Structure formats: structure tokens, C-alpha cells
1. What dipole magnitude, in Debye to the nearest 20, does the range 115-224 give about its Cα centre under +1 on Lys/Arg Cβ and -1 on Asp/Glu Cβ?
2. Could you work out how far helix 78-88 tilts from the main Cα principal axis of the chain, as a 0 to 90 degree angle to the nearest 10?
3. Pairs Lys63/Lys188; Lys42/Lys148; Lys38/Lys150; Lys124/Lys150; Lys118/Lys216; Lys38/Lys63: which are spaced more than 22 Å apart, C-alpha to C-alpha?
4. Among Thr134, Thr55, Thr171, whose mean-square fluctuation peaks in a Gaussian network model of the chain (Cα, cutoff 10 Å)?
5. Using the crude model of +1 on Lys and Arg Cβ and -1 on Asp and Glu Cβ, and no other charge, please compute the dipole size for the chain relative to its Cα centre, in debye to 20.
6. Looking at the range 98-132, which trypsin sites (Lys or Arg not before Pro) are DSSP coil and have at most 10 other C-beta atoms within 10 Å of their C-beta?
7. For the range 33-81 and the range 139-179, compute the distance between their C-alpha centroids and round to whole Å.
8. If contacts are Cα pairs under 8 angstrom and at least 6 residues apart, what is the relative contact order of the chain in percent?
Amino acid sequence: MHSGLHNARYFFTEQNANTYDRIVRYATIGMDMHWKKKIQNKIQGKIVLDLASGTGILSEMIKSNTSGLDVLSLDLSFDYAKISNNRRKIRNVVNANAEMLPFRSRSCDCIVSSYLAKYVDINKVVTEISRVITPNGVVVFHDFSYPKNKVVRFLWKLHFKLLRIAGSIVTSWQHVFLELDQMIENSKWSEELLASLRCHGFVEISSTYFTFGTSKMIVAKKNE
Ligand SMILES: C[S@@+](CC[C@H](N)C(=O)[O-])C[C@H]1O[C@@H](n2cnc3c(N)ncnc32)[C@H](O)[C@@H]1O
């Protein structure tokens with residue numbers, strides 16, 4: 001098992017699935033919704049796959065804001081997928097690994113993901129999305145990034161110090177707040193993704209930073 005998969009299983013547990021929605025809102029100081037709207041604006045086509053859908057926040061947004069779309073959701077954690085089903089009534093949810101997609105080739109027009117990239121073997125995921133996406137289909141990856149600006153970096157580190165204190169109160173998130181900043185700092189997800197997308201014949205590749213470089217979105221189109 002590679003370290004990303006190990007981290008994902010260690011981070012997202014039965015004990016913290018129930019509080020995820022609130023934690024992601026507070027921990028990102030409300031930016032999560034803003035970032036998810038940016039993902040939503042890139043959606044094209046009729047069948048959308050939300051990879052690492054978690055508790056279903058993004059899947060629900062896509063479904064309720066765009067009519068005539070079919071949304072498929074997939075997550076590694078059974079407990080998170082269960083919440084999306086019970087709380088949000090997301091019916092098309094699959095409990096699976098994004099590195100081995102249980103979907104037919106050329107079956108999805110658009111594939112989105114939020115906070116997945118740093119947990120996966122990027123090449124395996126891109127190989128799979130490249131198979132599953134339809135020609136001219138669009139993929140959108142979004143995840144945290146380590147800010148480049150020194151002042152922002154200082155504030156970002158301070159923010160994680162505060163999250164560690166919060167973790168001593170909300171103990172089901174303590175292990176995440178102890179390690180997440182280091183993981184973001186060490187992750188090469190965006191460089192690896194850009195290289196892999198080019199290798200797999202994706203075109204019109206664009207990268208956009210949000211909120212002072214603390215998160216990043218990469219969008220690409222599958223060549224015909
Ligand atoms: C921070 S949560 C994000 C959930 C959701 N995308 C959101 O934005 O609210 C990360 C999610 O990635 C899922 N995940 C991590 N590695 C995965 C993999 N290899 N395949 C599928 N899901 C994975 C975890 O189970 C977890 O639900």
C-alpha cells in the first residue's frame with residue numbers, strides 16, 4: 001500500500017465522518033464552498049463523476065445547481081460514502097479506490113475531484129480517468145497547495161498551529177491536524193498531475209491558484 005492510500009485510510013475514519021462537513025468549513029475559514037463553486041463552474045456534459053466525494057458536499061452542489069445532469073460519486077471510505085447516502089440522499093455512490101475505477105470506458109463526460117490528488121498515485125488515477133472519460137471530456141482536480149509568498153506561509157503555519165489546538169478539543173481530528181500541513185508541504189501532486197495529463201493526451205491544460213496560493217485547481221480536456 002503506498003503512503004497516500006495509507007494516509008487516506010488513517011485520516012478519514014468512522015469516528016470523524018459525521019463531523020467532516022463542519023470541520024472542512026471551519027478549517028478552511030469558509031473557503032471550501034468558494035473553491036467548490038470554482039470547480040462547479042468548469043463542469044460540462046451530462047454525466048459527471050465526483051471522485052473522492054466524501055460526505056457528498058460537491059456531488060450535492062452539482063446535482064442541485066445544474067439540471068439534467070447525472071452525478072456519480074465514488075469514495076474510498078465506506079463511512080464517508082454512507083453519510084453522503086444517508087444525509088444527502090446521494091444514490092449513485094460507489095465505495096471504491098479512485099486508482100481502479102469500476103466504470104466502463106468512455107462513460108463519463110466530466111470528472112471532478114476535491115482534495116483527492118495528494119492521497120493517490122497520480123499516474124494510476126490519470127490512466128483510469130483517461131480510460132473512463134469521453135473524448136473532449138473535461139477533468140477538474142482541486143487540492144490544497146503550499147503557498148509561495150513568505151507572509152502567507154507564515155500565516156498558513158500559524159493557522160495550522162491553531163488547528164492543532166482545536167484538534168486537542170475535537171479529538172477525532174487530532175491526528176489529521178498534526179500531519180496535514182506537512183503532507184501539503186511535501187506533496188508534488190500538481191507537478192505530477194500536469195506531467196501525467198500531458199502524457200495521457202489531455203489538452204487545454206490550465207492551472208489556477210486560489211486564496212493567496214493556498215489551493216489550486218487544474219483543468220484539462222481529453223483529446224479526441
Ligand atoms: C478531505 S476529503 C474530501 C471529500 C470531498 N471531496 C470534499 O471536498 O468534501 C478526502 C476524501 O478522499 C477520499 N479518498 C482518499 N483517497 C482515495 C482514493 N484512493 N480513492 C477514493 N477516495 C479517496 C477519502 O476517503 C475522503 O473522503
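1. Numbers: 14 positive and 10 negative charges, 65 e Å.
About 320 debye.
2. 80 degrees
3. Values: Lys63/Lys188 31 Å; Lys42/Lys148 25 Å; Lys38/Lys150 25 Å; Lys124/Lys150 34 Å; Lys118/Lys216 12 Å; Lys38/Lys63 15 Å.
Too far apart for the 22 Å limit: Lys63/Lys188; Lys42/Lys148; Lys38/Lys150; Lys124/Lys150.
4. Among Thr134, Thr55, Thr171, the largest GNM mean-square fluctuation belongs to Thr171.
5. Numbers: 30 positive and 20 negative charges, 96 e Å.
Dipole of the chain, to the nearest 20 debye: 460 debye.
6. Numbers: sites: Arg104, Arg106, Lys118, Lys124, Arg131; in loops: Arg104, Arg106.
Passing sites in the range 98-132 are Arg104.
7. 24 Å
8. Numbers: 387 pairs, mean separation 44.3, N = 224.
For the chain, the relative contact order is 20 percent.
Quick note: the coordinates plus some simple rules give every number you see, no bench work behind them. Remember, it's a predicted structure, so these values are computed and weren't measured experimentally. Don't worry about glycine lacking a Cβ; one is built from the backbone with ideal geometry, like all the others, and counts go over all protein chains shown.
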